[in-house]
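In what follows, a single structure is set out as structure tokens and then discussed.
Since every read-out is calculated from the coordinates, none of them should be taken as a lab result. In this text, all values refer to a predicted model and were calculated from it rather than measured experimentally. Ideal geometry is used to build each Cβ from the backbone, glycine not excepted, and the neighbour counts take in all protein chains shown.
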Amino acid sequence: MTGPARLSQQIWLRKSVQSTEAEEGHGGEGTPGLKRTIGTFQLTMFGVGATVGTGVFFILQDAVPDAGPSVIISFVLAGLVAGLAAFCYAELASAIPVSGSTYSYAYIALGEIIAMVVAGCLLLEYGVSTAAVSVGWSGYLNALLDNLFGFSIPDALSRAPIPVDGGETGIVNLPAMVLVLMCATLLVRGASESARLNAIMVVIKVGVLVMFVGIAFTAFNADNFTPFAPEGVTGITAAAGIIFFTFIGLDAISTAGEEVKNPQKTMPRAILLALTIVTTLYILVAVSGLGTQPAAEFGSAEQQDAGLAVILQNVTGSNVWATILAAGAVISIFSVTLVTLYGQTRILFAIGRDGLISERFAKVNPRTLTPTFNTWVVAIAIALVAGFVPSDYLWESTSIGTLGAFTIVSIGIIVLRRREPNLHRPFKVPGYPVTPIITIAACLYLIAGLRLVTILVFVGWILLVLLYYVIRGRRGSVLGKSLPSIIHEGRKLP
């Protein structure tokens, strides 16, 4: 049966938890699978590494103009929604410790068609955020070079050719492209090596941010918090929607499911620890930074490329502390790019193993046990976006992808609790079913606060993904290929 009836049956096919567990240790085209080498501390640092850096080093410049000083509430709101989602992630990650994150959870809970929608959300979330973060890295690198050596990379080689609000343009953002390719080189060498390096970089970045908070509070002026919410609730919601993408680290943790030691206990711990560390740092940096200057100055041209470094320079009147912070930002944003690129490759690994894209994406190098082909294809594509598209066009697209993924995770919790009540769950969402329901409502509320053009672009992207699935993806589906025999034998569809 190959006509529409088969399509209508195939799209709701679900993978079982047992079949997913059986895939562990296997890659595409008969190659070995991924290896469990990552512990709790390294995994927590993965989550912090993918999160801290984006939110505080340059998202303030975009979020404060929307909300003013009330951006603090925006951070709290985004953190609360992320916290609710973290509980849902922790339950699914403990019950289904595999690569693929939300994609794999959706395939098990909701079926193949929803898994493809989630794949679209995740590809947008990780691909666009990696490009956006690498563009921000370019600005801090120039600030560091200027402070240390008195020169910077010319605009022609450090800015995209697309103008933003009449600002400067260039030919290509070369540093952003180089960063992505450097991270890819590290990832193909091995996951454990990348995890160790990331942990070191995260410790450095947290230290630098603590330094910023300490210095910024010496210039704290409560008058800078008036008026507190110039744009009212609308501004707070809009800023929260922009900020939300910075919590991508929670999802990044779950992409490492097949490379984590004792995942049933390690993954829930790492998710909740990372959330606590990240939210605390975000609020401290936002409060201390806003206390140093009027909110209007956050949107100035001077602060667009390296905002926190400029704040320290203004507060201390010296380049020393600004240089230290710029150096910390260069290291910090490097680790963000490393982890988000890692997450993208592991999601494609899972999709490739399911046959919904070429199995070459699931092929693992037998020596390094990493998906080499997958990593280089992803890196080249993202490097091109980073080189030619300004970050201003990328932030909100990442947020809506993250919110979409969090929504489906929460739905998956409810579905699996009803359908598989006896599934072993080392961690359970507290306050079920209220917690996942509130999470769904909160995510949809934040999506509604985004710009219409962002929502339309997202819908268009998901429609393209579904068109690909109907034309090509479903024909390669490993699960779909078993459908004729299931129908022939009269067995019930899963």
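Annotation: amide H of I38 within the under-5 Å range of V260, K261, sequence separation 5 or more or interchain, hydrogens built in the peptide plane.
With viscosity 1.002 mPa s and temperature 20 °C, the Kirkwood radius over alpha carbon pairs of segment 196-238 converts through Stokes-Einstein to a diffusion coefficient of 161 µm²/s. Max-minus-min Cα coordinates of segment 37-488 on each principal axis give 76, 44, 40 Å, with the largest extent listed first.
With +1 assigned to the C-beta of every Lys and Arg and -1 to the C-beta of every Asp and Glu, and no other charges, what is the dipole magnitude of segment 37-488 about the Cα centre in debye, to the nearest 20?
Details: 22 positive and 23 negative charges, 413 e Å.
For segment 37-488, the charge dipole is close to 1980 debye.
Over segment 362-439, what is the relative contact order in whole percent, taking alpha-carbon pairs under 8 Å and six or more residues apart? Write out the running numbers ahead of the final one.
Details: 22 pairs, mean separation 16.4, N = 78.
Rounded, it is 21 percent for segment 362-439.
Here L148 and Q264 are evaluated by their C-beta separation; at R0 = 35 Å the FRET efficiency comes out at 0.15.
Extension gain, R451 to I171: 0.36 nm times the residue separation minus the Cα-Cα distance gives 98.0 nm. Checking the cross-link pairs K265/K481; K15/K265; K15/K428; K428/K481; K265/K363; K205/K265 against a 30 Å limit on the alpha carbon distance flags K265/K481; K428/K481 as lying beyond it. Peptide packing for 459-466, 64-71 was compared via the average number of neighbouring C-beta atoms within 10 Å per residue; ordered from the highest value, the list is 64-71, 459-466.
Extension gain, A381 to V203: 0.36 nm times the residue separation minus the Cα-Cα distance gives 61.1 nm. Kindly identify segment 307-432 as rounded, prolate or oblate by the Cα gyration tensor criterion: order the square roots of the eigenvalues as a ≥ b ≥ c, call it rounded if a/c is under 1.5, otherwise compare a/b with b/c, prolate if a/b is larger, else oblate. Oblate shape, in that a/c is at least 1.5 and b/c is the bigger or equal ratio. What's the FRET efficiency of N422 with T218 using the Cβ-Cβ distance as r and R₀ = 56 Å, to the nearest 0.05? Using R0 = 56 Å, I get an efficiency of 0.45. Taking 0.36 nm per residue of separation and subtracting the Cα-Cα distance, full extension of the segment from I283 to E231 would add 16.7 nm.
Using a Förster radius of 22 Å, what is the FRET efficiency between L463 and R6 based on their Cβ-Cβ separation? Nearest 0.05, please.
Working: r = 22 Å, r/R0 = 0.98.
Once rounded, the FRET efficiency stands at 0.55.
The string of couplings for segment 361-374 from the Karplus curve (6.51, -1.76, 1.60, θ = phi - 60°) is 6, 9, 7, 10, 5, x, 8, 8, 6, 10, x, 5, 4, 3 Hz, one whole number per residue in order, with x for Gly and Pro.
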